[in-house]
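The values are calculated or read from the model by the stated rules, or taken from the named source; none is laboratory data. Remember, it's a predicted structure, so these values are computed and weren't measured experimentally. With ideal geometry, Cβ positions are generated from the backbone for all residues, glycine too; neighbour counts draw on all protein chains shown.
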Amino acid sequence: MGLFNYWTVIVLMMVGFYTVIARNNLIKTMIGLGIFQVSVFMLYISMGKIADGTAPIRVQPSAGHEAIYSNPLPHVLILTAIVVGVATTALGLALIIRIREAYGSIEEDEILEMDRNS
C-alpha cells in the first residue's frame, strides 16, 4: 500500500502520454497534456511528504524528541508549475481556436493535408 501513489502517477502518466501520441484531435491532445502534467505534480508532491513531518516552523521540541520537518520546496514549486500549466493550457486552447478559424478543423491530419494541398 505504500507505493500506491507511485502506481497512480505511472498510470496517469501513461494515460496522458497515450492520449497525446494516439489522438489527432487537438483538444484531446491538450487534455492528454493536462493529465500528464497532473501526474508529474502528484509525483513531486508525494515525494515531498515526510511521515510524521510537521510544518517547518521552529518550535521547542518536547522532552527529548527532535522535531521532524517537511520540506516545503516541492509544494511551492508545484504551486508555481500549476500556474504556468494553466497559462500554457489557455494559450494552447487559444491557438486551437485560431487554427479552427483558419482551417475549419481541429483534426491534425486534415490540417496537414490542407497545408500540403495549398
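Quick look at the values:
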| quantity | calculated |
| --- | --- |
| When residues of the stretch 1-37 are limited to those that are farther than 23 Å from Ser105 by Cβ and hydroxyl-bearing (Ser, Thr, Tyr), the one modelled with the lowest pLDDT | Tyr6 |
| Residue selected from the stretch 18-55 under the condition over 18 Å from Leu79 (Cβ atoms), in a helix (DSSP H, G or I) and among the β-branched types (Val, Ile, Thr), by the criterion nearest to the chain's Cα centre (by Cα) | Ile35 |
| Filtered residues of the stretch 1-52 (kept if among the polar types (S, T, N, Q) and surrounded by fewer than 17 Cβ atoms within 10 Å (Cβ to Cβ)) | Asn5, Thr8, Asn24, Asn25, Ser46 |
| Residue among Val76, Val20 that is free of Cβ contacts under 8 Å to residues at least 12 places away in the same chain and either of a type in the set (A, V, I, L, M, F, W, C) or farther than 25 Å from Leu112 by Cα (or both) | Val76 |
| Filtered residue count, the stretch 86-118, keeping only those that are over 19 Å from Arg23 (Cβ atoms) and surrounded by 12 or more Cβ atoms within 10 Å (Cβ to Cβ) | 1 |
| Residue match in the stretch 62-74 (condition: in a helix (DSSP H, G or I) and either surrounded by fewer than 10 Cβ atoms within 10 Å (Cβ to Cβ) or not acidic (Asp, Glu) (or both)) | yes |
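Listed here are the residues, each with its yes/no results for (1) at pLDDT below 95; (2) out of contact with any Gly (no Cβ under 9 Å at 6 or more places or on another chain).
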position	(1), (2)
Ile68	yes, no
Val83	no, yes
Ala87	no, yes
Leu112	yes, yes
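Quick grid of which residues meet (1) closer than 18 Å to Ile35 by Cβ; (2) in contact with a Phe, Trp or Tyr (Cβ under 8 Å, 6 or more places away or on another chain); (3) at pLDDT 95 or above:
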position: Leu79; (1), (2), (3): no, no, no
position: Gly92; (1), (2), (3): yes, no, yes
position: Arg98; (1), (2), (3): no, no, yes
position: Glu101; (1), (2), (3): no, no, yes
position: Asp109; (1), (2), (3): no, no, no
position: Asn117; (1), (2), (3): no, no, no
